[in-house]
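Q: Encoded as structure tokens, here's the structure I'll be asking about.
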Amino acid sequence: MWAELLPVGRFDASGGYRRFAWSAADAECRAWFAEQAAARGLHYEVDRNGNQWAWYGDPDGEDAVVTGSHLDSVPDGGAYDGPLGVVSAFTALDVLRARGLRPDRPLAITNFGDEEGARFGVACVGSRLSAGVLTPDQAAALRDGSGLRMLDAMEAAGQDPSLIGKDEERLARVRAYVELHVEQGRFLADGPHAVGVASAIWPHGRWRFDFHGEANHAGTTRLQDRRDPMLAYAATVLAARKKARTAGALATFGKVSVEPNGTNAIPSLVRGWLDSRAADEATLQALVAAIAEAAFERAEEDGVRAEVVRESWTPVVEFDRPLRDRLAAVLGPDTPVLPTGAGHDAGILSEVIPTAMLFVRNPTGVSHSPAETATEPDCLAGAAALADVLQNLLEA
Ligand code: GLV
Ligand code: MN
Ligand code: MN
Ligand code: MN
């Protein structure tokens with residue numbers, strides 16, 4: 001499975017993946033998922049929000065145990081973020097069948113759509129729509145960098161966008177969702193355990209900072225006559241780093257666009273996207289307010305107009321306590337329990353169903369980069385742990 005998936009959407013120049021929602025590479029990943037389901041004789045379906053499901057047992061049954069992750073990627077992402085959870089889910093099912101398990105309740109494997117939000121700006125769109133935390137109207141407003149509406153991209157990929165919305169009936173039949181994921185930090189890296197259990201996800205969000213200035217000639221416009229938005233943007237990036245350090249939190253400007261984007265023109269618009277995360281919501285809100293204040297102050301000094309728009313918000317997630325304790329008990333008494341700053345569909349779904357996560361050791365901690373890695377023995381240990389956890393949830 002791993003070997004088949006590896007070439008899909010790989011960008012040769014970086015060795016990273018570009019598997020953006022509703023793109024050709026995404027379609028290939030989705031076809032791979034459907035083939036895996038068919039090869040196992042599983043009942044396959046795509047829900048109203050474009051999430052893929054493969055059912056072992058009755059697809060209309062109650063009390064389902066669900067596992068999976070996502071197959072899309074950030075720009076030049078790693079091979080493991082997302083796919084490891086889906087490949088492990090199919091592997092775990094194979095293990096359970098080899099053990100002769102014939103559960104009374106159904107097991108489903110999922111691929112949630114557009115987890116990374118790399119193309120349309122909002123992460124976890126598939127699970128957000130299903131959980132009802134993203135409304136169809138909000139989804140209708142999402143566009144990619146070329147101005148294409150997300151709903152039109154969905155439609156072009158063969159998914160009827162008029163169906164999107166809260167999927168209460170389906171989620172009401174789920175007893176637990178367990179997502180296995182590569183760890184995206186170094187909590188497990190130096191310890192003896194290949195697999196840990198997640199405790200919480202830091203609250204996080206995305207904000208768009210627009211700095212409107214005046215385009216003019218780089219060779220003829222005196223410095224004192226300029227209204228250059230690049231300066232306010234640069235000052236804001238530096239302020240964000242400083243204020244995040246003071247707050248013990250995180251702030252990242254990882255995406256920027258410049259208009260008209262010419263070497264010999266002062267920009268008319270610089271647009272930067274802030275990703276910020278903290279251990280608690282009050283700290284995060286105060287931090288972003290302070291960064292915005294720094295942006296407005298510097299913009300005013302330079303005769304630039306600044307605007308800050310919140311594009312998404314994910315509240316703090318505490319994974320279901322009984323479920324997470326149960327996972328830790330299955331894995332053994334000294335299983336590491338760790339929080340994370342990364343968002344996941346399991347975090348979104350925790351609003352409506354009991355969810356938990358397993359993390360597989362990442363020797364470097366690097367993620368959202370082509371350098372992301374995990375060793376083969378650790379991946380196999382992760383799949384084995386997932387099989388044990390699923391068996392426990394299916395049997396009792
Ligand atoms: C998703 O990986 C995120 O946390 O940004
Ligand atoms: Mn990711
Ligand atoms: Mn992920
Ligand atoms: Mn993620």
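Q: Provide a single number: the residues in segment 66-114 that are within 10 Å of ligand 3 (Cβ to nearest atom) and assigned to a strand (DSSP E or B).
A: Selection size over segment 66-114: 2.
Q: Please enumerate the residues belonging to segment 79-106 that are of a type in the set (Gly, Ala, Ser) and crowded, with 24+ Cβ neighbours inside 10 Å.
A: To start, the set of residues in segment 79-106 that are of a type in the set (Gly, Ala, Ser) comprises 79, 82, 85, 88-89, 92, 98, 100.
Selection gives Gly82, Gly85, Ser88, Ala89, Ala92.
Q: Could we say that Gly254 is more than 16 Å from ligand 2 (Cβ to nearest atom), small (Gly, Ala, Ser), assigned to a strand (DSSP E or B) and within 30 Å of His344 (Cβ to Cβ) here? Steps first, please.
A: Values: more than 16 Å from ligand 2 (Cβ to nearest atom): no; small (Gly, Ala, Ser): yes; assigned to a strand (DSSP E or B): yes; within 30 Å of His344 (Cβ to Cβ): yes.
It is false that Gly254 is more than 16 Å from ligand 2 (Cβ to nearest atom), small (Gly, Ala, Ser), assigned to a strand (DSSP E or B) and within 30 Å of His344 (Cβ to Cβ).
Q: Tell me, which helices (runs of 4 or more DSSP H) wholly within segment 276-363 include 1 or more residues that are more than 16 Å from the chain's Cα centre (by Cα) and away from ligand 2 (no atom under 16 Å from the Cβ)? Please lay out each step first, then the result.
A: Details: elements: 281-301, 321-331, 345-349.
Here the list reads 281-301, 321-331.
Q: Considering only segment 254-274, state which residues are within 14 Å of ligand 1 (Cβ to nearest atom) and surrounded by fewer than 19 Cβ atoms within 10 Å (Cβ to Cβ).
A: Gly254, Lys255, Trp273 - these are the residues of segment 254-274 that are within 14 Å of ligand 1 (Cβ to nearest atom) and surrounded by fewer than 19 Cβ atoms within 10 Å (Cβ to Cβ).
Q: Return the residue satisfying two criteria in turn: it lies in segment 25-52 and is touching a residue at least 12 places away in the same chain (Cβ under 8 Å) and of a type in the set (A, V, I, L, M), and of such residues it is nearest to Arg170 (Cα to Cα). Let's see the steps before the verdict.
A: Here is the first cut: in segment 25-52, the ones touching a residue at least 12 places away in the same chain (Cβ under 8 Å) are 25-30, 32-34, 36-37, 40, 42-43, 45-52.
The next check asks that each one be of a type in the set (A, V, I, L, M); those that pass are 25, 27, 34, 37, 42, 46.
On the way: Ala25: 28, Ala27: 24, Ala34: 19, Ala37: 19, Leu42: 17, Val46: 12 Å.
Residue satisfying both the conditions and the ranking: Val46.
Q: Let me ask something additional. Across segment 134-179, what is the total count of residues that are assigned to a helix (DSSP H, G or I) and in contact with an Asp or Glu (Cβ under 6 Å, 6 or more places away or on another chain)?
A: Applying the first criterion (assigned to a helix (DSSP H, G or I)) to segment 134-179 yields 136-140, 150-156, 161-163, 168-172.
Next cut, in contact with an Asp or Glu (Cβ under 6 Å, 6 or more places away or on another chain) only: 161.
Number of matching residues: 1.
Q: If you don't mind, there's one more thing I want to ask. Of all residues in segment 55-78, count the ones that are within 16 Å of ligand 1 (Cβ to nearest atom) and buried (at least 22 other Cβ atoms within 10 Å of the Cβ). Spell out the reasoning first.
A: Within segment 55-78, the first condition is being within 16 Å of ligand 1 (Cβ to nearest atom), and the residues that meet it are 68-78.
Checking which are buried (at least 22 other Cβ atoms within 10 Å of the Cβ) leaves us with 68-74, 77-78.
Total meeting the criteria: 9.
Q: Among the residues of segment 202-220, are any small (Gly, Ala, Ser), in a strand (DSSP E or B) and either touching a residue at least 24 places away in the same chain (Cβ under 8 Å) or at negative phi (or both)? Before the answer, list the steps.
A: Initial filter on segment 202-220 (small (Gly, Ala, Ser)): 205, 213, 215, 218-219.
Those left that are additionally in a strand (DSSP E or B): 205.
Going one step further and asking which of them are either touching a residue at least 24 places away in the same chain (Cβ under 8 Å) or at negative phi (or both), we end up with 205.
Yes, segment 202-220 has at least one match.
Q: Tell me which residues, restricted to segment 163-199, are closer than 24 Å to Glu351 by Cα and surrounded by fewer than 17 Cβ atoms within 10 Å (Cβ to Cβ).
A: Listed by number, the residues that qualify are Leu163, Gly165, Glu168, Glu169, Ala172, Arg175.
Q: Considering only segment 316-337, I want to know if a residue exists there that is among the hydrophobic types (A, V, I, L, M, F, W, C), at pLDDT 95 or above and within 30 Å of Arg222 (Cα to Cα). Lay out the reasoning, then the answer.
A: Keep residues of segment 316-337 that are among the hydrophobic types (A, V, I, L, M, F, W, C), which gives 316-317, 319, 323, 327-331, 337.
With the extra rule that they be at pLDDT 95 or above, the set shrinks to 316-317, 319, 323, 327-331, 337.
Right, trim to within 30 Å of Arg222 (Cα to Cα) and you get none.
No, the conditions are met nowhere in segment 316-337.
Q: While we're looking at this one, here's another question. Got a number for residues in segment 84-112 being within 14 Å of ligand 4 (Cβ to nearest atom) and in contact with a Phe, Trp or Tyr (Cβ under 8 Å, 6 or more places away or on another chain)? I'd like the intermediate steps shown before the answer.
A: Of all residues in segment 84-112, those within 14 Å of ligand 4 (Cβ to nearest atom) come to 84-86, 111-112.
Pick out the ones that are also in contact with a Phe, Trp or Tyr (Cβ under 8 Å, 6 or more places away or on another chain) and you get 86, 111.
Selection size over segment 84-112: 2.
Q: Looking at segment 221-230 only, could you name the residues that are part of a helix (DSSP H, G or I) and buried (at least 19 other Cβ atoms within 10 Å of the Cβ)?
A: The initial filter retains those residues of segment 221-230 that are part of a helix (DSSP H, G or I), namely 223-225, 229-230.
Result: Pro229, single match.
The values are calculated or read from the model by the stated rules, or taken from the named source; none is laboratory data. From a predicted model like this one, the values you see are computed outputs, not experimental measurements. All Cβ positions, even for glycine, are placed from backbone atoms using ideal geometry, and neighbour counts span all protein chains on display.
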